[in-house]
1. Specify which of the listed residues (59, 77, 22) is at pLDDT 95 or above, surrounded by fewer than 13 Cβ atoms within 10 Å (Cβ to Cβ) and either closer than 20 Å to residue 107 by Cα or of a type outside the set (Lys, Arg) (or both).
2. Can you tell me how many residues in the range 17-68 are part of a helix (DSSP H, G or I) and closer than 23 Å to residue 81 by Cβ?
3. Which one of the conditions (1) closer than 18 Å to residue 46 by Cβ; (2) of a type in the set (A, V, I, L, M); (3) not in a loop (DSSP other than H, G, I, E, B) does residue 161 fail to meet, given that it meets all the rest?
4. What are the residues in the range 85-104 that are part of a helix (DSSP H, G or I) and among the acidic types (Asp, Glu), if any?
Amino acid sequence: MPHPDRPLASAALFDTAIGTCAIAWSPAGVLRFALPDGDPETTRSYILRKHRTFEIREAAPTPEIATVIEKIRAHLAGDLDDLDWIPLDTSPLNDFDRAVYTVARAIHPGHTLSYGDIANRIGAPGGAQAVGQSLGRNPIPLIVPCHRVLAADHALHGFSAPGGITTKQRLLEIERTPGFGEPTLF
């Protein structure tokens with residue numbers, strides 16, 4: 001039975017080329033996304049965990065979410081899509097996180113920005129660390145492509161999704177990002 005003070009949102013698990021992912025959505029859009037985390041039950045636990053605004057229950061995907069799932073599957077199989085057309089429900093987020101995620105969503109597959117670049121674009125010069133903390137809280141990885149944000153030296157430092165830096169590197173390789181996964185001459 002849903003909690004009387006919180007609206008109901010839905011969630012579903014689905015298989016991809018990299019493992020079982022999960023997605024949660026409200027009528028307004030995607031609320032939460034989970035990359036594979038060891039086994040499907042761990043991913044299920046994450047996607048259904050308590051949300052501060054919504055009561056989340058497993059359900060069959062709506063036609064719109066079924067389309068989102070198919071595009072995510074294709075993306076993770078190498079048929080790249082920027083996924084920026086997917087509606088998000090950002091109502092539970094603070095203004096700073098919304099601003100950071102808006103800039104991150106504009107980074108196309110195969111491209112990257114630094115934490116400092118994002119801080120500058122949102123009018124917070126010197127705010128690279130705050131941008132990193134915001135991306136560490138990102139409840140919608142891949143769709144809000146925090147894996148495309150790198151340190152100023154172009155290095156991989158931290159990634160809060162399951163698998164950490166290994167997952168970040170794998171996503172950059174799938175997206176054919178220069179400098180990741182390609183053979184070098186020397």
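1. When all the criteria are applied, what remains is 77.
2. Number of matching residues: 8.
3. Residue 161 satisfies every listed condition except (3).
4. Passing the criteria: 95, 97.
Each row is one residue, and each column tells you yes or no for (1) under 24 Å from residue 136 (Cβ atoms); (2) within 17 Å of the chain's Cα centre (by Cα).
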| residue | (1), (2) |
| --- | --- |
| 6 | no, no |
| 13 | yes, yes |
| 19 | yes, yes |
| 24 | yes, yes |
| 27 | no, no |
| 33 | yes, yes |
| 38 | yes, no |
| 51 | yes, yes |
| 57 | no, no |
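The values are calculated or read from the model by the stated rules, or taken from the named source; none is laboratory data. What you see is a predicted model, and the numbers here were worked out from it, not measured in a lab. Quick reminder, even Gly has a Cβ in these numbers, built from the backbone with ideal geometry, and neighbours come from all protein chains shown.
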